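FYI, it's all coordinate maths here, none of it is from the lab. This one's a predicted model, so the numbers in the text were calculated from it and none came from an experiment. All Cβ positions, glycine included, derive from the backbone under ideal geometry; neighbour counts span all protein chains shown.
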Ligand SMILES: [Zn+2]
């Protein structure tokens, strides 16, 4: 018994010593080597924010911003890109090497894929960059009829038909109707009521308007254009007649009108009335003076184009051609 007690005391003593030593060692270690507070690593978004980049709510933003930083874009440039550029442009910017975009942030119809053409045309013409952008978008840095884009929706009231936007030879509007007060002439159904309203309003102001050429088929335009070529060289004909497929008359939305006292044109007074009032009924004078470098046609007081009251009013207020309006306000870039 005595011996067992001794062993027990020894064992207890060893345990106590170990406990004391262990505790002492533990505190000593904490004293000399305090455990560091565990820092949570910074997120990639936080790193970008610290660089001055404004975060954008877009799944791939962190990856895109880092890619732009690698290409050499500054935080300010990246912020401008995401504030002003379309998604299509952002993807093009990401797919290319660094380009100084400072001239283009504020230009809503900027298209990255044409940046070299913009710069070249702006330098050549000494015009403002925003004008160079619109004109290049309309392919005006090239000779007329060089680049031809096919029109996707020829039946749209807002359709753009010009020397670089063509209708197919078999396009015929499916909603042509006779103009009630001139039943031998057809236009698109969308335009007919507003045209009658225009005639009535003009009459109240003692302006007597007579339409004489409205819808024209591709074949008719082809004969007309080739007929003109019998009399004039092509570069002259092109200033007053559209090549087949490029005439607004094929859409059923264009009308040539005359004064009752004139065989094919408007008198000055009637033209004045038209310039000041036609927009109220959805029509614009499509080829105004001093715009032949944009429209490709000399002034045509007689040629009206229906685009609807809302757009006609805006075109009138802005005082720009429909080609420019279409690029600026009706085209996604
Ligand atoms: Zn015409």
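What is the angle, in °, between the Cα long axis of helix 268-277 and the longest principal axis of the Cα atoms in the chain? Nearest 10 is fine, range 0 to 90.
The two axes meet at around 30 degrees.
Tilt of helix 75-84 relative to the longest C-alpha principal axis of the chain, in degrees (0 to 90, nearest 10)?
On a 0 to 90 degree scale, this one is about 40.
At a 10 angstrom cut-off on C-beta neighbours, averaged per residue, how do the peptides 280-293, 57-70 rank from highest to lowest?
Result, highest mean first: 280-293, 57-70.
Using label points projected 7 Å from each Cα along Cα→Cβ, tell me how many nm separate residue 330 and residue 290, to one decimal.
Spacing of the two 7 Å Cα→Cβ label points: 2.4 nm.
Tell me what the chain gives for mean residue ellipticity at 222 nm when only DSSP H runs of n ≥ 4 count, each as -39,500 (n - 2.57), the sum divided by the residue total, rounded to 500 deg cm²/dmol.
Rounded to the nearest 500, the figure is -13500 deg cm²/dmol.
Please label the shape of the chain as rounded, prolate or oblate, based on the square roots a ≥ b ≥ c of the eigenvalues of the alpha-carbon gyration tensor (a/c under 1.5 means rounded; beyond that, a/b larger than b/c means prolate, else oblate).
prolate
What distance in nm lies between label points placed 7 Å from Cα along the C-beta direction at residue 276 and residue 38?
8.1
How many angstrom separate the Cα center of segment 263-295 from the Cα center of segment 137-178?
After rounding, the separation between the Cα centres reads 21 Å.
Calculate, in nm to one decimal, what residue 222 and residue 128 gain on full extension: separation in residues at 0.36 nm each, minus their alpha carbon distance.
30.1 nm
Say a paramagnetic label sat at a point 7 Å from the Cα of residue 74, along Cα to Cβ; which residues of segment 102-132 have their backbone N under 16 Å from it?
Correct set: 102-105.
Give me the distance in nm between label points sitting 7 Å out from Cα along the Cα-to-Cβ direction at residue 269 and residue 313, one decimal.
2.9
For the Cα atoms of the chain, what angle does the longest principal axis make with the long axis of helix 115-125, in degrees from 0 to 90, nearest 10?
50
If packing is taken as the mean number of other Cβ atoms within 10 Å per residue, what is the order of 109-118, 264-273, highest first?
Final packing ranking: 109-118, 264-273.
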